[in-house]
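**Q** Please see the structure below; I have some questions.
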Amino acid sequence: MKFYARNLARSVFGHPKVNLIILFDLILTAAAVFVLIQNFYFLKEKHDEFFGEDRVAKTYELYVGESVFPLTESDAQSKSNMFYLGLELYKEINASPIKTFSYTHDRRGMRGGFYDKATDEKMIASGHRELIDWYYVSDYALEAFGLKMSEGRWFNNEELDYPYLQVRVPVIFGSNFASAFDVGDVIIFDDDNYYHDEAVVVGILESSPGIEYYGITQSGFDDAVIFPEIESFPRLHARKGKDFSGYADLPKSIRRRLDYVDRERFRTLTTGYLYCPDESVDVQKLINDYTSKYGFYQITATPIDGTSYSETKSISERNLLLIGVLAVSTTVICMISLGGVLYNRTLDDRRTYCIYMSAGIPLWKINLSLIMEMLIWMVISLMPVIALSLYEFETLLIPLWQIALFELIVMSVSIAPSLRVNSKCNLDLLIRNQMN
Amino acid sequence: MALIELQGINKSFGTKDKKVSVLENLSLKVEEGEMVAIMGKSGAGKTTLLNIIAAIDYPDSGTYLYDGKEVKTRNTSQGIKFRKDRIGLIVQHFALINDFKVYDNVELGLWETNVKGSARKKRVMEVLESLGIADLKDKYPNVLSGGEKQRVAIGRAIANNHKLLLADEPTGSLDSDTEQDILNILKDLNSKGMTIVMVTHDEDVANVCDRTIFLDKH
Ligand SMILES: Nc1ncnc2c1ncn2[C@@H]1O[C@H](COP(=O)(O)OP(=O)(O)OP(=O)(O)O)[C@@H](O)[C@H]1O
Ligand SMILES: [Mg+2]
């Protein structure tokens, strides 16, 4: 026992620089393996949780998992890198056969609260005395809601992208307004003191059957007033007496709102909807293909109007491969470095080992002591990973024994040259002073 | 009965084509309690002979009897076992562990023995005192003089009170005054009953011994 205690102390404290490298190598290995296994578990679990069943559908609800995942509401608020990444993702997904969309719905009293007397009279004339369905909609709502125009047109891209920059905000009315409004009518929002804003009717919808999903259960869009995504109406910049003809003229408060559409698009990914007319498309797989490029998988599409069908067997294969290659190469580099450092350290220690042997201490004890020391370093090297896991996730994300097992393999390989050189330790060398 | 008896020992080095014979048909006896010097030219095989006695190296042929029993040791771990309770080793370049204090360097010789606890401490102090280095016990080897280092090395070699002490040029790297000190220590150990076999180049050192064995170079 005395031998182990003294020799371990000598070895642990006797080569500070070398031991630091050993520890560093092991920590790196533990971290690499941790990332590998953690991702594997994470991906597998998410996969099983969300994509277990077979489904067929056209419309889906999008959902983003817990707060530890990317794409959160606060990203939209703070406009983090994740926000721009999300917008990129939005573009990519919508360039594919699947389209995302979202809307804001409000049932407004007071005939929608139009301020202009002429408009209000038209409202009453078209039979709307009290409540009006008031919508702000995103891209692709036309297709997603299955709407058709009877007059005029749907919003164009310019209007959907920059609703705040339009001199008059485009508005589309449901079929029940057709008797009172025509395409080209101008609706005036006027407060004697504060603002003046205008909207222009660009289209009238055909009557659509009641839609049972998206929370719209009654008359569909027949009693709807539809605007592009704007934060509020009348638009805040619509100060009385001002004529807004270009971006340069916009006051600061408006410029701040220019990214409102972007923020809404970002939110669409996290809480919006998805529309895919082709039922044979494996929607989830398609989304995963896009998101996996950015290294996360948490956007899930839950069918609203039926069952969807998913072939997604392993969403994570490609990423897992990448992580695996990285982890394995890190580990191999660490293994080589560890083996080399340990080998050199053992060469330096051979003189000491020979002295031990001359005092009757057998070689196996010397080797066992080396193995014990490596186990000590291993335990220490696991600490940062444990600490990180506890700090980040408040739990040990993966069973510790799996990292430990991996480290044991790394250790066994890298300790082998040292054990071999020890086995050739010969007192003859000590006697002839050929050590060091 | 002789403590060491070598009969017709042959030892050569090198490959089959380039064989260098070092020991040829060597026979010798060392009685218990003797102090024997081994002399010979460089390359004569003195260290080789010592290695064979210590079971660090093995003869190609011939018989080696220790205390009347044949020594058939053929590998390092068998060698360690064989030496453990029989032979203490001293080398020219004072093999000390620099990370250990003088006390621990001597105590090291007892780690693998049944001498434990206070008996071990007593024994170490006894050895340190007999070598006149008790006041150095808390020092590290790198601050010691050559003579002091060699005493510590002797201390470790004799701590377990082996019957036989083997020394390869124990005074080889010391000045003549210090050499005399070490010789006195060895002589003293011998007078207390320890058998000593040591290699030396020095006539004066050999003269201190009871007997000198000369090896011829082949
Ligand atoms: N492991 C070995 N392999 C090959 N040759 C060896 C080996 N060990 C010793 N020799 C050779 O054997 C011969 C005897 O060596 P040895 O060390 O026993 O001589 P020595 O008498 O102790 O010499 P010195 O006085 O220089 O220490 C030398 O020629 C040496 O080169
Ligand atoms: Mg020699």
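**Q** Need one word for region B:2-215: rounded, prolate or oblate. Basis is the Cα gyration tensor (sqrt eigenvalues a ≥ b ≥ c); a/c below 1.5 gives rounded, then a/b vs b/c decides.
**A** prolate
**Q** Return the sequence-ordered ³J(HN,Hα) values of region A:125-131 in whole Hz as given by the Karplus equation 6.51 cos²θ - 1.76 cosθ + 1.60 applied to θ = phi - 60°, using x for Gly and Pro.
**A** So the J values, rounded to whole Hz, are 4, 8, x, 9, 9, 10, 8.
**Q** Fewest first, what order do A:VAL167, A:VAL413 take by the number of other Cβ atoms within 10 Å?
**A** Details: A:VAL167 10, A:VAL413 15.
Lowest count first: A:VAL167, A:VAL413.
**Q** Report, in deg cm²/dmol and to the nearest 500, the calculated mean residue ellipticity at 222 nm for chain B, where each DSSP H run with n ≥ 4 adds -39500 (n - 2.57) and the sum is divided by the residue count.
**A** -10000 deg cm²/dmol
**Q** Next question, about the same structure. Do you know the relative contact order of chain B, to the nearest whole percent, from alpha carbon pairs under 8 angstrom that are 6+ apart?
**A** Once normalised by length, the contact order is 30 percent.
**Q** Do any of B:LYS116/B:LYS139; A:LYS424/B:LYS84; B:LYS46/B:LYS139; B:LYS19/B:LYS69; B:LYS18/B:LYS163; B:LYS139/B:LYS187 go past 28 Å between their Cα atoms, and which?
**A** Working: B:LYS116/B:LYS139 23 Å; A:LYS424/B:LYS84 19 Å; B:LYS46/B:LYS139 34 Å; B:LYS19/B:LYS69 30 Å; B:LYS18/B:LYS163 38 Å; B:LYS139/B:LYS187 26 Å.
Beyond 28 Å: B:LYS46/B:LYS139; B:LYS19/B:LYS69; B:LYS18/B:LYS163.
**Q** Which ordering of A:LYS2, A:LYS122, B:LYS46 is given by a fewest-first count of other beta-carbon atoms within 10 Å?
**A** Working: A:LYS2 14, A:LYS122 21, B:LYS46 24.
Fewest-to-most ranking of A:LYS2, A:LYS122, B:LYS46: A:LYS2, A:LYS122, B:LYS46.
**Q** Another question about this same structure. Treat every Asp and Glu Cβ in region B:2-215 as -1 and every Lys and Arg Cβ as +1, leave all other atoms uncharged, and give the resulting dipole magnitude about the Cα centre to the nearest 20 debye.
**A** 940
**Q** How many Cβ atoms of partner chains, on average, are near each residue of B:150-158 if near means within 10 Å of its Cβ?
**A** On the way: counts 0, 0, 0, 2, 0, 0, 3, 2, 0.
Mean partner shielding for this stretch: 1.
**Q** Here's a follow-up. Would you mind checking which residues have amide H under 5 Å from A:VAL171's amide H? H placed 1.01 Å from N; only 5 or more apart, or other chain.
**A** Close amide H contacts, sequence-distant or interchain: A:VAL200, A:VAL201, A:VAL202, A:GLY203.
**Q** Setting aside same-chain residues fewer than 8 positions from A:LYS293, which aspartates and glutamates have a Cα under 15 Å from its Cα?
**A** Straight-line reach from A:LYS293, under 15 Å: A:GLU88, A:GLU92, A:GLU317.
**Q** Also: Apply the Karplus parameterisation 6.51 cos²θ - 1.76 cosθ + 1.60, with θ equal to phi minus 60°, to every residue of region A:378-388 and state each ³J(HN,Hα) to the nearest whole Hz, in sequence, with x for glycine and proline.
**A** Computed from phi, the couplings for region A:378-388 are 5, 4, 4, 5, 7, 4, x, 5, 4, 4, 4 Hz.
**Q** Based on the Cβ-Cβ distance from B:LYS16 to A:LEU419, what FRET efficiency comes out when R0 is 25 Å, to the nearest 0.05?
**A** 0.25
**Q** Right, here's the next one. Test of understanding: ordering B:ASP138, B:ASP17, A:ASP289 by Cβ neighbours within 10 Å, fewest first, what list do you get?
**A** Numbers: B:ASP138 9, B:ASP17 5, A:ASP289 16.
Taking fewest neighbouring Cβ atoms as first place, the list is B:ASP17, B:ASP138, A:ASP289.
**Q** Quick one: what are the phi-derived ³J(HN,Hα) couplings along region B:136-141, Karplus 6.51/-1.76/1.60 with θ = phi - 60°, whole Hz, x for glycine and proline?
**A** Working through the residues one at a time gives 9, 4, 9, 8, 8, x Hz.
**Q** Counting other Cβ atoms within 10 Å of each Cβ, which chymotrypsin sites (Phe, Trp or Tyr not before Pro) in region A:106-169 have at most 15 and sit in a DSSP loop? Please report the intermediate quantities before stating the final value.
**A** Details: sites: A:PHE114, A:TYR115, A:TRP134, A:TYR135, A:TYR136, A:TYR140, A:PHE145, A:TRP154, A:PHE155, A:TYR164; in loops: A:PHE114, A:TYR115, A:TYR140, A:TRP154, A:PHE155.
When the chymotrypsin sites (Phe, Trp or Tyr not before Pro) of region A:106-169 are filtered for loop state and at most 15 Cβ neighbours within 10 Å, nothing remains.
**Q** Obtain the nm distance between the two label points defined at A:THR302 and B:ASN25 by a simple spin-label model: each point lies 7 Å from its Cα along the Cα-to-C-beta direction.
**A** 10.0
**Q** Evaluate E = 1/(1 + (r/R0)^6) for B:SER173 and A:SER412, where r is the Cβ-Cβ distance and R0 equals 45 Å; express this FRET efficiency to the nearest 0.05.
**A** So the FRET efficiency works out to roughly 0.60.
**Q** Would you list which lysines come within 27 Å of A:LYS117, measuring only between C-alpha atoms, while excluding same-chain residues fewer than 8 positions from it?
**A** Cross-link targets: A:LYS240, A:LYS242.
**Q** Which whole-number percentage describes the relative contact order of region B:28-155, with Cα contacts under 8 Å and a sequence gap of 6 or more?
**A** Details: 93 pairs, mean separation 27.8, N = 128.
Normalised by residue count, the contact order of region B:28-155 is 22 percent.
**Q** Given springs between every Cα pair under 10 Å in a Gaussian network model of chain B, which of B:LYS116, B:LYS72, B:LYS18 has the largest fluctuation?
**A** Comparing B:LYS116, B:LYS72, B:LYS18 in the GNM, the peak value goes to B:LYS18.
Read the figures in this text as sums done on the coordinates, not as results from a lab. Every value quoted in this text rests on a predicted model; they were computed, and no experiment measured them. In this analysis, Cβ positions are derived from the backbone assuming ideal geometry, glycine residues included, and neighbour counts consider all displayed protein chains.
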